[in-house]
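Chemist: Input: one structure, supplied below.
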Amino acid sequence: MPREPGSLMNALLDRGVTRRDFLKFCSAMAATLALPPRYEIRIAQALETAARPPLIWLEYQDCAGNTESLLRASKPTVADLVLDVLSVDYHETIMAAAGHQAEAAREATMKAHQGNYLVVVEGSIPVNDGGIYCCIAGRTALDLVREVCAGASAVIAAGTCATFGGLPAASPNPTGARSVSDVVKGVPIINLPACPMNVENLTAVITHYLTFGSWPATDQFKRPLFAYGSRIHDDCERRAHFDAGQFVEEWSDDGHRKGWCLYKMGCKGPQTFHNCPIVRWNEQTSWPIGAGHGCVGCSEPGFWDTMTPFYERLPDVPGVGIPVQTVGVGVVAGVSAMFAAHGVLSAIRAKAQPLHRPQAEVEAVDISEPQEPPRPTGQPTVADTGAEAPEKEGES
Ligand code: SF4
């Protein structure tokens, strides 16, 4: 096995990671990336000699849930991830340094690796009143994120707050919370929404970059298709109960105890794209629906404003004539029609609850629309889910 000085593999070996564990990690990454098994070898070969990418982790308006997710990484462990796989040179929440020492570490990384370091941004960026609602070392988050990201090779927005604004951007959005894509231009951005992001997806994105020298294909919201290319509903372990018309009617009823479908309890799985059912959480032991709670749609644009009330089911639409009680028993066309109907309702609700700030306030911070990459042909679109794309500034 090569022992390239400074390589990722060298660092892992020094940490006592065995060849078997390393190959298991490569296998898990190939599976997460939805690659055929033969890519395990290619990933292993690439990682054996890959340089450890320097990384700066910025945290702004959020609950630190994505850092919590990072700290619970199991493949690799947090020690591997923080100390070996990535060279995390700056992370306000978990780094030992503080104050001027911490700021010096960030500046040194930016200077030494100009154009080659990665940035992870956690949390939204407030822009109201000059951005004063989130300041670090006397500077606004808006000022800092633009400066740090300008010298990065790529930016990963971790979690829904960084990706779409999240809870801080929920109406009436008093701080003017914005996403990374809203305020950072000219740098590749990968969005990993969810509340919080699943660290398996972060690791897989970086593994893809180190293996292929490119970022994974994304949808129109810059979400990697390997993680956000299919509906939760389509991979859900309770789907057979949905198709059979077996629904939980109230918490702790017989259907709930039997693991029936949570559609009537407000599950947003039919409108949500994420690999939650596949990757799961806590070393793949469970996930929200597996634990008996409906999906709340946390990885979709407008989460909070468009996905609440969480415990009201996606509504029927007058005229469609397919009440959910009769869905199942093989009514494929009926299910499709119902999803289309949900899309109409979603659009109506999104219109009723504007997700973004008035145009005058947007112009005050000179934020233009991000350029969205086209979705590859044949891949699912968000329109398939009935979810509403975020309203562009200036549209009513
Ligand atoms: S409605 Fe929710 S619980 Fe039911 S099958 Fe779909 S995703 Fe699963």
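Chemist: Using the Kirkwood radius built from alpha carbon pairs, what does the Stokes-Einstein equation give as D for the range 52-223 at 37 °C and 0.692 mPa s, in µm² per second? Working shown, then result.
Modeler: Numbers: Rh = 15.9 Å.
In µm²/s, the coefficient rounds to 206.
Chemist: Right, here's the next one. Gap in Å between the Cα centre of the range 206-258 and the Cα centre of the range 8-56?
Modeler: The two parts, judged by their Cα centres, are 25 Å apart.
Chemist: Cα gyration tensor of the range 216-272, axes a ≥ b ≥ c as square roots of the eigenvalues: rounded (a/c below 1.5), prolate (a/b > b/c) or oblate? Please report the intermediate quantities before stating the final value.
Modeler: Working: a/c = 3.62, a/b = 2.82, b/c = 1.28.
Taking the square roots of the gyration eigenvalues as a ≥ b ≥ c, the range 216-272 is prolate.
Chemist: Out of 98, 171, 118, whose Cα points farthest toward the positive end of the dipole of the range 52-223 (charges: +1 Lys, Arg; -1 Asp, Glu; placed on Cβ)?
Modeler: Checked the options; the winner is 118.
Chemist: Take each of the peptides 131-137, 162-168, average the number of other beta-carbon atoms within 10 Å over its residues, and list them starting from the highest.
Modeler: Sorting 131-137, 162-168 by mean packing, highest first, produces 162-168, 131-137.
Chemist: What order, most packed first, do the peptides 34-42, 299-307, 257-265 have when packing is the mean number of other Cβ atoms within 10 Å of each residue?
Modeler: So the order, starting with the most tightly packed, is 299-307, 257-265, 34-42.
Chemist: Could you tally the net charge around residue 147, taking each other residue with its Cβ under 14 Å from the Cβ of residue 147, Lys/Arg +1 and Asp/Glu -1?
Modeler: Summing Lys and Arg as +1 and Asp and Glu as -1 gives +2.
Bear in mind these aren't lab numbers, they're just calculated from the coordinates by the rules spelled out. These numbers were taken from a predicted model, which means no experiment stands behind them. Don't worry about glycine lacking a Cβ; one is built from the backbone with ideal geometry, like all the others, and counts go over all protein chains shown.
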